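For reference, the structure is listed below as structure tokens.
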Amino acid sequence: MVMATTTSTASTTSIASVILEVADPEAAHRFCTAFGVDTYVSLRASEAHSTGFRGFTLALTVSGPATVDSFLDAAVDAGATVLKPAAKSLWGYGGVVQAPDGTIWKVATSAKKDTGPAPREIDEVVLLLGVEDVKASKQFYVGRGLTVARSFGGKYAEFASGDSSPVKLALYKRRGLAKDLGVSDDGTGSHRIALGTAADPFTDPDGFTWETAASPAAEAPTAAASF
């Protein structure tokens, strides 16, 4: 285990790529393109057994409610299932959908109302891993060189991302994450996701695997080579 805590080490252990393992990469690629997330994920064919909640979600932060609706509508038009319709809450506005490949996506904004045009742009992408023990998993990742940006006891932890990382990493109590997404926390088998890193490969306490990332050309999001 690498115990380095310098900024340069943190950048090498941040997320270089997110690889979704899907049964039909071509269909998944069409969905990701229509949804507007094809630049954030890569796809890899897999028939690994997986049932129920896979223990993670990818969350898109956008500028306002109209942009949330635009992304969710595009997802549904491309075949996604609505898990939680878009609605206002104490923290803002958002909704949750499940892609045909099984990946759960959340789209949200902290804005309660639109203040101008609704650009179809993503401000931030966060990968939330549902873990059994947030404090223990947080310490594990700190030991891998990641830097904690925000932490709320044993419920949530968010890490600073490197300048070149397209996706931010956060940890959420598994049961709490499932509840937030509107699904049961029951699930078995593969997570159906792998994370690319510039560091050596490893597996975290909850079974999420990190692989040494290929070169940028080979690891391009939704690359045809992955099909």
Legend entry - Burial ranking of peptide ranges 29-38, 58-67 (average Cβ count within 10 Å, highest at the top): 58-67, 29-38
Inset, instruction - Could you check the simple spin-label distance between residue 179 and residue 82, using points 7 Å along Cα→Cβ, in nm with one decimal? - result: 2.4 nm
Inset, instruction - Post the alpha-carbon centroid distance, segment 70-99 to segment 155-210, in whole angstrom. - result: 20 Å
Inset, instruction - With 23 Å as the limit, write out which pairs from 84/155; 112/135; 106/173; 84/135; 112/173 have Cα-Cα distances beyond it, or answer none. - result: 112/135; 84/135; 112/173
Legend entry - the chain - charge dipole about Cα centre, Lys and Arg +1 at Cβ, Asp and Glu -1, debye rounded to 20: 820 debye
Legend entry - DSSP beta bridges in the chain [antiparallel fraction, %, rounded to 5]: 65 percent
Inset, instruction - Taking a cut-off of 17 Å between Cα atoms, list the aspartates and glutamates near residue 179, but don't count ones fewer than 8 places away on the same chain. - result: 132, 133
Legend entry - Stretch gain in nm, segment residue 188-residue 135, where the contour uses 0.36 nm per residue and the Cα spacing is subtracted: 16.8 nm
Inset, instruction - Run the numbers on the chain and let me know its relative contact order in percent, using alpha-carbon pairs under 8 Å that are six or more apart. - result: 31 percent
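Quick note: the coordinates plus some simple rules give every number you see, no bench work behind them. Owing to the predicted nature of the structure, the values given are computational and were not obtained by experimental measurement. No Cβ is skipped: glycine too gets one built from the backbone with ideal geometry, and neighbour counts run over all protein chains shown.
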